[in-house]
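The values are calculated or read from the model by the stated rules, or taken from the named source; none is laboratory data. Since the structure is predicted, the reported quantities are computational estimates derived from the model, not experimental observations. FYI the Cβ positions are ideal-geometry reconstructions off the backbone, even for glycines, and counts take in every protein chain you see.
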Amino acid sequence: MASVTARTSDIEKAAGVLRSGGLVAFPTETVYGLGANAEDSAAVARTFQAKGRPPSHPLIVHIGGAELLDDWARDVPPAARLLAARFWPGPLTLVLRRGSRVLLEATGGLETVAVRVPDHPVALALLSAFDGGITAPSANRFGSVSPTTADDVRAELGDVVGFVLDGGPCEVGVESTIVDATSEVPSILRPGGVTREDLEAVLGCPLAVPSSSRVRVPGQHPSHYAPRARVVLVEPEKVVAEAELAQELGHQVGVFLPAHLADTPVKAHAVVTLPASMPAYARGLYGFLRELDQRGCDLIVASLPAEEGLGLAIANRLRRAAGPRSNV
Ligand code: AMP
Ligand code: MG
């Protein structure tokens with residue numbers, strides 16, 4: 001849970017900005033979101049403009065509690081209710097059939113809607129003060145690294161956001177897990193803060209996870225979450241040699257040094273030694289990418305963690321950070 005809570009007057013001000021059709025950046029436990037009134041089509045349209053995001057990429061509708069689910073979705077299956085009861089508030093997004101309050105502009109024209117209840121005191125206070133649904137993609141330019149602090153948001157979107165609520169650094173650090181709950185057996189569309197293992201334990205059945213290299217749903221492009229520097233993925237044991245070779249060839253190399261190699265000296269421009277724990281790695285991931293950009297690296301050499309638990313979401317983001325840029 002975040003240690004910083006926004007003042008009541010800031011929450012009221014932010015709710016007022018939403019009511020008047022403006023955009024508010026706010027903290028969630030995953031990343032900072034760019035919020036708009038989900039029932040205001042002009043405000044929703046402004047969200048896409050601000051991010052430079054194609055309007056076909058659906059937004060997640062944030063709501064204040066699981067008891068409001070039927071206002072926003074219809075024909076909610078029992079498995080979805082089970083997941084909502086167990087994981088909300090939390091980093092789980094459910095894709096369901098669109099309810100009547102949901103604008104087609106918010107779903108990219110789809111008859112389904114993505115809904116979640118964020119687990120952050122500031123986000124929940126804003127939802128309660130505003131008393132409605134808030135569409136919120138991550139508060140960054142389309143395709144770039146998601147913001148995990150209020151300063152990141154100001155650096156990315158300071159010129160277009162009406163108001164930034166500061167709730168301190170995000171606890172989870174990667175986006176929510178998106179589960180398609182419209183079919184009989186739910187499937188994971190995007191790995192995230194709730195692990196596959198946790199979902200399967202609650203549902204009592206195995207879930208499909210798509211490969212991160214293919215576009216399966218709108219908005220899941222191969223290149224996303226990308227820093228300015230090019231990202232190259234190699235086997236963990238080859239990170240040091242690859243980094244040193246690229247540095248010798250004239251690159252300004254940033255290194256994601258695996259935790260088990262922590263004391264290894266590396267001849268490179270900048271080195272981030274990764275935390276051994278996956279929650280700490282997820283929490284730090286976007287900050288590490290931003291840091292290496294800020295330190296002037298043009299190439300980042302990294303490896304994938306084991307794809308279990310939060311490692312699945314981290315590997316998905318790293319693959320997409322390394323994805324072909326021309327597809328964005
Ligand atoms: P974000 O990109 O973090 O704002 O998360 C939004 C992502 O949720 C989109 O890019 C889609 O991949 C996914 N999403 C949202 N709505 C839907 C939907 N109705 N069906 C499938 N995926 C969705
Ligand atoms: Mg995003």
Margin query: Looking for something within 16 Å of ligand 1 (Cβ to nearest atom) and touching a residue at least 24 places away in the same chain (Cβ under 8 Å) - is there at least one such residue anywhere in the range 11-24?
Written below: yes
Notebook entry, point to check: For the range 115-139, which residues satisfy the criterion of being within 16 Å of ligand 2 (Cβ to nearest atom) and either farther than 27 Å from Ala280 by Cα or of a type in the set (Val, Ile, Thr) (or both)?
Noted result: Ile134, Thr135
Notebook entry, point to check: Just for the range 228-282: of the residues that are hydroxyl-bearing (Ser, Thr, Tyr) and part of a loop (DSSP other than H, G, I, E, B), which one is surrounded by the most Cβ atoms within 10 Å (Cβ to Cβ)?
Noted result: Thr264
Notebook entry, point to check: Name the pairs whose Cβ atoms lie under 6 Å apart, with the first residue in the range 254-268 and closer than 25 Å to Arg228 by Cβ and among the aromatic types (Phe, Trp, Tyr), the second at pLDDT 95 or above and surrounded by 14 or more Cβ atoms within 10 Å (Cβ to Cβ), and 6 or more positions between them or separate chains?
Noted result: Phe256/Val272; Phe256/Leu274; Phe256/Ala302
Notebook entry, point to check: Which pairs do you get when a residue that is without any contact (Cβ under 8 Å) to a residue 12 or more places away in the chain, found in the range 135-153, comes within reach of a residue that is outside any helix (DSSP H, G or I) and more than 9 Å from ligand 1 (Cβ to nearest atom), reach meaning Cβ atoms under 9 angstrom, with the pair 6+ apart or on two chains?
Noted result: Asp151/Asp166
Next item on the list: Exactly one condition in (1) within 16 Å of ligand 2 (Cβ to nearest atom); (2) of a type outside the set (Phe, Trp, Tyr); (3) closer than 23 Å to Leu110 by Cα is not met by Ile63; state its number.
Entry: (1)
Item checked: Of all residues making up the range 173-195, the number that are under 15 Å from Ser138 (Cβ atoms) and either touching an Asp or Glu at 6+ places or on another chain (Cβ under 6 Å) or without any contact (Cβ under 8 Å) to a residue 24 or more places away in the chain (or both) -> 1
Notebook entry, point to check: For Arg283, all conditions in the list (1) within 16 Å of ligand 1 (Cβ to nearest atom); (2) among the basic types (Lys, Arg); (3) modelled with pLDDT of 95 or more hold save one; what is the number of the exception?
Noted result: (1)
Note to self: Can you tell me which of (1) in contact (Cβ under 8 Å) with a residue 60 or more places away in the chain; (2) more than 15 Å from ligand 1 (Cβ to nearest atom) is the one Gly35 doesn't meet?
What the structure shows: (2)
Next item on the list: Would you check if Gly192 is part of a loop (DSSP other than H, G, I, E, B), in contact with a Pro (Cβ under 7 Å, 6 or more places away or on another chain) and closer than 25 Å to Leu318 by Cβ?
Entry: yes
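One line per residue, one yes/no per condition, for (1) more than 23 Å from Val115 (Cα to Cα); (2) within 15 Å of ligand 2 (Cβ to nearest atom); (3) in contact with a Gly (Cβ under 9 Å, 6 or more places away or on another chain); (4) in a strand (DSSP E or B):
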{"position": "Arg141", "(1), (2), (3), (4)": "no, yes, yes, no"}
{"position": "Ala155", "(1), (2), (3), (4)": "yes, no, no, no"}
{"position": "Val179", "(1), (2), (3), (4)": "no, no, no, yes"}
{"position": "Thr182", "(1), (2), (3), (4)": "no, no, no, no"}
{"position": "Glu197", "(1), (2), (3), (4)": "no, no, yes, no"}
{"position": "Val202", "(1), (2), (3), (4)": "no, no, no, no"}
Notebook entry, point to check: What pairs can you find where one residue is in the range 47-64 and within 21 Å of Asp159 (Cβ to Cβ), the other is aliphatic (A, V, I, L, M) and in a strand (DSSP E or B), and their Cβ atoms are less than 6 Å apart, with a gap of 6+ or different chains?
Noted result: Thr47/Leu34; Thr47/Ala36
Check: Do you know which residues across the range 120-139 are more than 14 Å from the chain's Cα centre (by Cα), among the hydrophobic types (A, V, I, L, M, F, W, C) and either under 22 Å from Ala155 (Cα atoms) or within 16 Å of ligand 1 (Cβ to nearest atom) (or both)?
Finding: Val122, Ala123, Ile134
Checklist line | Which listed residue, of Gly168, Gly162, Gly109, is more than 16 Å from ligand 2 (Cβ to nearest atom) and at negative phi | finding: Gly162
Next item on the list: Counting only residues that are surrounded by fewer than 17 Cβ atoms within 10 Å (Cβ to Cβ) and of a type in the set (S, T, N, Q), give me the helices (runs of 4 or more DSSP H) lying completely in the range 10-123 with at least 2 of them.
Entry: 41-51
